[in-house]
Amino acid sequence: MEIKIQASVDAVADVVCDVCNSSTRIPDYGLQYGSLEAHWGYGSKHDGEHYRVHLCEPCFFGVLGGLRRQRMVNVMFDENEPHLDERFGLVSTGNYWGVGDA
């Protein structure tokens, strides 16, 4: 036996980039965005603060490029660290369905 009710639910219609204010919806492919998130806990200077920034693809890779440059500067004189790592932050490739880490 089926018992039915009418329910109202919230659904995400779009995610807008917090940097450039553009839509992250790609026609026929859905939402394509990245996010930068931090939830600071006890003992940190920002205890109890939770941050989340949604980024479109160009802005995400712009931020990632900035982090790569910062890392390069931080390890510039360290002989044991690579100075330029194009794979910095990359977890997997060819993972089209977002399942697991390769």
Inset, instruction - Check region 17-33 and report whether any residue there is among the aliphatic types (A, V, I, L, M), under 21 Å from GLY98 (Cα atoms), outside any strand (DSSP E or B) and out of contact with any Lys or Arg (no Cβ under 8 Å at 6 or more places or on another chain). - result: no
Inset, instruction - Could you identify the single residue in LEU67, LEU55 that is under 24 Å from ARG87 (Cα atoms), at pLDDT below 95 and surrounded by 11 or more Cβ atoms within 10 Å (Cβ to Cβ)? - result: LEU67
Inset, instruction - Tell me, yes or no, whether region 56-79 has at least one residue that is free of Cβ contacts under 8 Å to residues at least 40 places away in the same chain, under 27 Å from VAL16 (Cα atoms) and acidic (Asp, Glu). - result: yes
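Just to be sure I understand, how many residues within region 24-44 are touching a residue at least 12 places away in the same chain (Cβ under 8 Å) and within 19 Å of PHE61 (Cα to Cα)?
Count: 9.
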Legend entry - Residue under evaluation VAL91, criteria (1) more than 19 Å from the chain's Cα centre (by Cα); (2) modelled with pLDDT under 90, criterion not met: (1)
Legend entry - Residue that is farthest from the chain's Cα centre (by Cα), among those in region 1-16 that are within 30 Å of LEU55 (Cα to Cα) and aliphatic (A, V, I, L, M): VAL9
Inset, instruction - With respect to ASP47, determine if the residue is of a type in the set (D, E, K, R), touching a Gly at 6+ places or on another chain (Cβ under 8 Å) and exposed (fewer than 14 other Cβ atoms within 10 Å of the Cβ). - result: yes
Inset, instruction - Please enumerate the residues belonging to region 29-59 that are under 13 Å from VAL15 (Cβ atoms) and touching a strand residue (DSSP E or B) at 6+ places or on another chain (Cβ under 6 Å). - result: LEU31, GLN32, TYR33, GLY34, SER35, ARG52, VAL53, HIS54, LEU55
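The values are calculated or read from the model by the stated rules, or taken from the named source; none is laboratory data. All of these numbers come straight from a predicted model, not from anything done at the bench. Neighbour counts are summed over all protein chains in view; Cβ atoms, including those assigned to glycine, are modelled from backbone coordinates with ideal geometry.
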